[in-house]
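The values are calculated or read from the model by the stated rules, or taken from the named source; none is laboratory data. Just so you know, these numbers come straight off a predicted model, no measurement behind them. Positions of Cβ are generated from backbone atoms using ideal geometry, with glycine treated the same way; all protein chains shown enter the neighbour counts. For the accessible areas, the whole protein counts, side chains as well, though only heavy atoms, and no ligand, DNA or RNA atoms are used. Shrake-Rupley method; radii C 1.70, N 1.55, O 1.52, S 1.80 Å.
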Amino acid sequence: MVAVAVVGSGVAAITAVRTLCTSSLENNLPVQVTWFTARRKMGSTQSSLSNSPMARPKPGDPFFDYGCQYMSPVSTVFRNELERWQELGLVGNQFEVSVLNAKDVHPKMTKLESPGWVGNGGMGPMLEKLTIQTREEFAGQGLEHVSGFPEVERQVTSTHRDENTQKWFLNTKRQACEFGPFDYVIGCFGHPKRTDPFLKPGGDAAKPMMEFLKGVKYNQFFALQIILEKGLDSEEIKNLSGCHILNHDVISFVADNSKKPHQIEVQDGVRENGQKPHITIISTANFAKQNQKANRKMVQDRIMESFANLIAKETTRQGLESKFQPKIHRLNFWGDGRCVKVVDGTDFLFDTSVNLGWCGDFCVGPSVDSAAISGASV
């Protein structure tokens, strides 16, 4: 029996696990996959009723998606996955997306031809249900799932290799628990602040992979989450679902999470249950880089002023306050918001000398589609 450990909680990990399990079953291969998950970067969903960034909203409650705002299939691999998720009732593909050019004399939103895909109930619940579905589908057929969230005592934080047996072992914090032995380890996360401590105990066997992954770079973003208490029926807000902002110094994307086709009924932009718009405003990477140590009140004000001018069509912050009465929920700083591609010529990394592999969007490009391609390829 060949033992494989897959470490990761996002789309790359899901597609890696599913590809391994499906291939081993179809080809009658003696493979045992152990999947280690923890907190999800893309999937954290914030309820507006809680200050916790990990709060799970109840069905029908307002929420903020934390991280990825919508998904677009480009590859056949990811389109097939999204269609499978849709059959499971976990995603919808009717989230309208627009583009606004801030340099236009009179900037206005222009709707894109293809709508975006979003998780039913939010990206976090979507990934959680996909994890459960995958675990149940392959239960007793070569897959064991070890959850490290919220069961943090089972969250693996490092790996090392026994050079005598040439087997890998995974450890939890302070080596309180050890899993293994494994013939192969596949990592499905990319930021050096996580890969370094995970791989460093692996010594010489893990050093080449660790050093390469140090080159993975991420853009930074601010994400401001606000609730509009008034102005629900204004044309500006009725026309807003998701909007890319081009050629602007401060903001790059705006989304009204309450418009996503789940949680509440939305028809022609009118919220049946009086749901208030839950707006996520994402800054440009350059603005975040320049202001990461700046006063957060100043950052908040600049983002709000940009939203007022470009989306709400109010020339002053006072006008925005009067018409929409925005309530600030949370300002987040994402130090690892969007990856910058660092790998050329391959969709994944693999050190055949020690049976250590790695995958993620950083191997292909900055998108969920890329993460799926990399996970399936590894």
Exercise for the section: Quick one: plug the Kirkwood hydrodynamic radius of region 189-256 (C-alpha pairs) into Stokes-Einstein at 4 °C, 1.567 mPa s, and report D in µm²/s. Expected result: 81 µm²/s
Completion exercise
From the cross-link list LYS108/LYS297; LYS214/LYS341; LYS129/LYS167; LYS108/LYS260; LYS111/LYS289, the entries with a Cα-Cα span beyond 24 Å are LYS108/LYS297; LYS129/LYS167; LYS111/LYS289
Practice task
Return a whole-number percent for the relative contact order of the chain, with Cα pairs under 8 Å and 6 or more residues apart as the contact set.
Solution key: 20 percent
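Go through 361-371, 289-299 and give me the packing order, highest mean Cβ count within 10 Å leading.
For the peptides 361-371, 289-299, the packing ranking is 361-371, 289-299.
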Exercise for the section: Enter the Cα centre distance for the pair region 71-133 and region 344-374, rounded to the nearest angstrom. Expected result: 23 Å
Practice task
Kindly give the semi-axes, whole Å and largest first, of the ellipsoid equivalent to region 298-378, taking each as the square root of 5 times a Cα gyration tensor eigenvalue.
Solution key: 44, 12, 10
Exercise for the section: Determine the gain in length on full extension of the stretch ARG84-LYS341; use 0.36 nm per residue of separation and subtract their C-alpha separation, reporting nm with one decimal. Expected result: 89.8 nm
Handout entry: With Cα atoms, 0 to 90° folded angle of helix 123-137 axis to the chain main axis
Key = 30 degrees
Fill in the blank from the handout: For region 111-209, listing chymotrypsin sites (Phe, Trp or Tyr not before Pro) in a DSSP loop whose Cβ sees at most 11 other Cβ atoms within 10 Å gives none
Practice task
Keeping all protein chains in place, calculate the accessible area per residue for the chain (probe 1.4 angstrom), answer in Å².
Solution key: 45 Å²
Completion exercise
1/(1 + (r/R0)^6) with r = Cβ-Cβ of LYS193 and GLU153, R0 = 22 Å, i.e. FRET efficiency to nearest 0.05, evaluates to 0.55
Practice task
Give the peptides 78-86, 16-24, 250-258 in descending order of average Cβ contacts within 10 Å, highest first.
Solution key: 250-258, 16-24, 78-86
Completion exercise
Of all trypsin sites (Lys or Arg not before Pro) in region 108-217, the ones in DSSP coil with at most 15 other Cβ atoms within 10 Å are LYS108, LYS214
Fill in the blank from the handout: Note, VAL4: beta-carbon cut-off 15 Å, +1 each Lys/Arg, -1 each Asp/Glu, net 0
